[in-house]
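Remarks on the structure that follows.
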Amino acid sequence: MAGGVASGGSSSAETYKEARNFLLLPAWAVLVIFVLAPVMMMFVYSFLTKEFRGGVIWEFSFAAYDQFFCDRGLFGDEPCSFEWTYIGIFWRSIWQAGLATFFALLIGFPTAYFIATRPPHLRAIWVFLITIPYWVNLLIRTVSMKFLIRDTGPLNEFLLWVGIIESPLGIAYTNTAVQLGLFYSYLPFMVLPIYAAVERYNFALSEAAADLYASKWTTLRLVLLPAVKPGVIAGCILVFVPSLGSFLAPDLLGGARNFMIGSLIDEQFRGSAGNWPFGAAASMILLSMVLLLLMIFARQQSKAEGRG
């Protein structure tokens, strides 16, 4: 009997294993065609030669990476000196994405906590309200933000009307405008993962901490935050990564003076004047940096779980 059960279980497991592998084939196909293939295409293009009228020449070259890191003068015949222009654009992108993540966490955590502590029949309504902006295309939302903050827009008109300011605030085409656009675009990406984590949190732990005379701040710092840390990390990643490569907000709200890496890459693939190998090289550098950050997060998380 026991042998028969074990044999039957093993046979059933093998059957399910074959079915599982078969059912995963569409997912693997989508992953290969729409993720891996474009990345490999960008990788190959980054080592090709720019064609004068646009496109590429199928000749192997490091010119795109050399252009990113080296300044060789006007005619390209001088010794390599470090190119700070593109490094500055990268740094501005990291800074803006980091600020957007910080402000999204600052607003998103209390918002998620508020939603998770509402009665069950009201939580779905609050989540619904959070996701309403995603019914509208990102381009339309960004253009609406530009209309709102311009010198003659509703925001300045209202502040002038109530007498808070005497002249319009120069928000449009500044780093502040880019920051507002990034924050507005990706705030729900912070709220929803934290909400899911807080919803699963056992609030009896907070009650036990209060019974032991812990202050609300102590309970938040030592009890609640460690419990919902995976949701916080997920939210930070979901905001930081798309903010880092964003190009709509910098283009429409920041202008040429507030270029970010996404705008730089987008510009290289526009029209016949673009530099496809350079755009592909910048994309690969950005991708490598994002993967490095994710690997650091994953390693720290695994170490923390190992200590736990």
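Since every read-out is calculated from the coordinates, none of them should be taken as a lab result. Keep in mind it's a predicted model, so treat the numbers as computed, not measured. Every residue, glycine among them, receives a Cβ derived from its backbone with ideal geometry; neighbour counts consider all protein chains shown.
Contour minus end-to-end for Val143 and Glu51, with contour as 0.36 nm per residue of separation and end-to-end as the Cα-Cα distance?
29.7 nm
HN-Hα J couplings of the range 231-242 from phi, Karplus 6.51/-1.76/1.60, θ = phi - 60°, integer Hz, Gly and Pro as x?
Couplings: x, 5, 4, 4, x, 4, 5, 5, 8, 5, 5, x Hz.
By the gyration tensor of its Cα atoms, with a ≥ b ≥ c the square roots of the eigenvalues, what is the shape of the range 147-253: rounded for a/c under 1.5, prolate for a/b over b/c, or oblate?
Oblate, because a/c is 1.5 or more while a/b does not exceed b/c.
So the label point goes 7 Å from the Cα of Phe203 along Cα→C-beta, right? Which residues of the range 105-140 then have their backbone N under 11 Å from it?
114-120
Per residue of the range 149-163, in order, report the coupling 6.51 cos²θ - 1.76 cosθ + 1.60 (Karplus, θ = phi - 60°) as ³J(HN,Hα) in whole Hz, putting x for Gly and Pro.
9, 5, 4, 9, x, x, 4, 5, 4, 5, 5, 5, 5, 7, x
Got a sec to turn the phi values of the range 168-184 into Karplus ³J(HN,Hα) couplings, 6.51 cos²θ - 1.76 cosθ + 1.60 with θ = phi - 60°, whole Hz, x for Gly and Pro?
Karplus-based 3J(HN,Hα) across the range 168-184 equals x, 6, x, 8, 4, 6, 10, 4, 5, 5, 4, 5, 4, x, 5, 4, 5 Hz.
Can you put Met42, Met289, Met145 in order of Cβ neighbours within 10 angstrom, beginning with the fewest?
Met289, Met42, Met145
Among Val191, Val223, which comes first, second and so on when ranked by fewest other beta-carbon atoms within 10 Å?
With the sparsest Cβ surroundings first, the list reads Val223, Val191.
Using modelled backbone amide H atoms (1.01 Å from N, in-plane), which distant-in-sequence or interchain residues come within less than 5 Å of Ser246's amide H?
Amide H neighbours of Ser246: Gly262.
What does the extension gain come out to for Ala124 and Phe69, with contour length at 0.36 nm per residue minus their alpha carbon separation?
Stretched fully, the Ala124-Phe69 segment lengthens by 14.8 nm.
Which residue fluctuates the most in the chain, going by a Gaussian network model with Cα springs under 10 Å, if the choices are Asn275, Asn175, Asn21?
Asn21
Check Asp71: other-chain or 5+ apart residues with amide H under 5 Å from its amide H, H built from backbone geometry?
Answer set, sorted by chain and number: Ser81, Phe82, Glu83.
Amide H of Thr49: which non-local residues (sequence gap of 5 or more, or other chain) have their own amide H closer than 5 Å, using H built in the peptide plane?
For Thr49, whose amide H was placed from the backbone, the distant partners under 5 Å are Ile57, Glu59.
List the aspartates and glutamates whose Cα sits under 12 Å from the Cα of Lys229, skipping any in the same chain fewer than 8 residues away.
Leaving aside aspartates and glutamates fewer than 8 places away in the same chain, those within reach of Lys229 are Glu305.
Sort all Cα-Cα distances of the chain into consecutive 20 angstrom bins from zero, then give the percent of pairs in each bin up to the one containing the longest distance.
23, 47, 26, 4, 0
If the rule is a partner Cβ under 4.7 Å, which cysteines in the chain fail it?
Cys236
Using a Gaussian network model of the chain with C-alpha springs under 10 Å, which one of Ile149, Ile164, Ile140 is most mobile by mean-square fluctuation?
Evaluated over the chain, the most mobile residue of the options is Ile164.
Cut-off is 10 Å between beta-carbons; in what order do Met260, Met284 appear when sorted fewest neighbours first?
Taking fewest neighbouring Cβ atoms as first place, the list is Met284, Met260.
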